[in-house]
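Structure first, then comments.
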Amino acid sequence: MNIGLFYDTAGSHKLENDNLFFDFSLLEEVEYVKQKLLTLGHNVTMIWDIKEFIKNIDFYKQRIDVIFNMYEGIKSRNREGLVPAVCEAYGIAYTGSDAFGTSLTLNKFFLKLYASTLGIHVPKALRITQNQQTIQWDLFPCIIKPEHEGSSMGVYLINNKNQLNLMLNKIIHSYNQPALIEEYINGPEVSVCIIEENDIPEIVSIKQFSTLDGKTISVFDRDTKKLNNHESFTPNLNKEQIDKLVEQSKNIFKSLPLHDVARIDWRISKNEEPYLLEITPLPDWQPDAEFDSESRDLAVTLNKILTNALKRFNREKK
């Protein structure tokens, strides 16, 4: 099969030294995925420039069977939906969720509004725009973050109003987007990893995270994620909690609907209820990340994603 591996790195956007935007793949991660695809016997074409892709769309359409989408984009609330939208417009098969699904999951505020209609617990939240002068928020500690960024960009734990006002101004002006204030859920953080097979979401792993010395992570911020300052392990949760995580993860995956793959992040509250934090339809593919382990060869996972995407594309094309 001829696969177009669509990705972007910080270098793609000339941001090697940027301290604000870093929701991109590492070259090592891209190469890892490429090698896994090659071991499956596929031909791989590397694509990283979306403008060049559109300019030469007929060339790619004739030579590529399916796009494996890792492209994040930058500085747009629609950035994760750009590749799916272009592929859909030109009738090119691609992996992952469509433009609506990727854009909605990127917007943390509106995603949680939708999740709440499904009976899923979400942190109390307040969306702050540049035009708002007074803030009615007295719940501390709390979390503050940009409304539509990933990889824990601009995420901070706030303990009082002075900190809140300072960080609100910083986030709104640095990222040029609304800021989100959220209730702090003090409990373990858990990720549920889903692969879709024949339109059915299947749980491939559930991981709990801690600091390197085994303590609950207060905030899963940029450094903790990107610098690997954490441990992951089988959750220390009871069967009822696990069953609820599985049920609610599958429920929101199907109802949006999302496709092929997603990582869904939760916090478990003191009363043992899961609270939805975010959904990542473009997960990490680095060695030993959530979808890669000693017991599960990433090549097998990638092949399932490609197979499911092609089946869906061929069905919708008829």
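The values are calculated or read from the model by the stated rules, or taken from the named source; none is laboratory data. Worth saying up front: this structure is predicted, and the values here are computed from it rather than measured. Note that each Cβ is placed from the backbone with ideal geometry, even for glycine, and that neighbours are counted across all protein chains shown. These accessible areas exclude ligands, DNA and RNA; they are computed on the full protein's heavy atoms, side chains included. Shrake-Rupley method; radii C 1.70, N 1.55, O 1.52, S 1.80 Å.
Key figures
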read-out	value
Test for residue 106: is it over 23 Å from residue 307 (Cβ atoms) and either of a type in the set (Lys, Arg) or open to solvent by 20 Å² or more (accessible area, probe 1.4 Å) (or both)	no
Qualifying residue in segment 16-25 (condition: assigned to a helix (DSSP H, G or I), surrounded by 13 or more Cβ atoms within 10 Å (Cβ to Cβ) and either out of contact with any Leu (no Cβ under 9 Å at 6 or more places or on another chain) or not basic (Lys, Arg) (or both))	no
Residue list for segment 170-190, restricted to those being of a type in the set (Gly, Ala, Ser) and touching a Pro at 6+ places or on another chain (Cβ under 9 Å)	174, 179
Check on residue 236, open to solvent by 20 Å² or more (accessible area, probe 1.4 Å), more than 21 Å from the chain's Cα centre (by Cα) and free of Cβ contacts under 8 Å to residues at least 12 places away in the same chain	no
Tally, over segment 55-81, of residues that are open to solvent by less than 70 Å² (accessible area, probe 1.4 Å) and either closer than 19 Å to residue 33 by Cβ or of a type in the set (A, V, I, L, M, F, W, C) (or both)	13
Hits in segment 113-146 (condition: touching a helix residue (DSSP H, G or I) at 6+ places or on another chain (Cβ under 9 Å), at pLDDT 95 or above, open to solvent by 60 Å² or more (accessible area, probe 1.4 Å) and assigned to a loop (DSSP other than H, G, I, E, B))	140
Cβ-Cβ under 6 Å pairs, at least 6 apart or on other chains, segment 35-47 side farther than 13 Å from residue 64 by Cβ, far side crowded, with 20+ Cβ neighbours inside 10 Å	36/298; 36/302
Complete set of residues in segment 57-86 that are at pLDDT 95 or above, hydroxyl-bearing (Ser, Thr, Tyr) and assigned to a loop (DSSP other than H, G, I, E, B)	71
Matching residues in segment 259-274 - criterion: being basic (Lys, Arg) and under 15 Å from residue 248 (Cα atoms)	263, 267
Test: residue in segment 208-221 that is at pLDDT 85 or above, open to solvent by less than 40 Å² (accessible area, probe 1.4 Å) and out of contact with any Asp or Glu (no Cβ under 6 Å at 6 or more places or on another chain)	yes
Failed item in (1) more than 18 Å from residue 281 (Cβ to Cβ); (2) among the small types (Gly, Ala, Ser); (3) not in a helix (DSSP H, G or I), with residue 89 passing the rest	(3)
Identity of the residue in segment 1-28, more than 20 Å from residue 84 (Cβ to Cβ) and in contact (Cβ under 8 Å) with a residue 24 or more places away in the chain, that ends up farthest from the chain's Cα centre (by Cα)	15
Count of segment 157-177 residues which are of a type outside the set (A, V, I, L, M, F, W, C), surrounded by 19 or more Cβ atoms within 10 Å (Cβ to Cβ) and not in a helix (DSSP H, G or I)	1
Members of segment 239-269 found to be touching a residue at least 60 places away in the same chain (Cβ under 8 Å), surrounded by fewer than 17 Cβ atoms within 10 Å (Cβ to Cβ) and more than 19 Å from residue 211 (Cα to Cα), listed by number	251, 255, 257
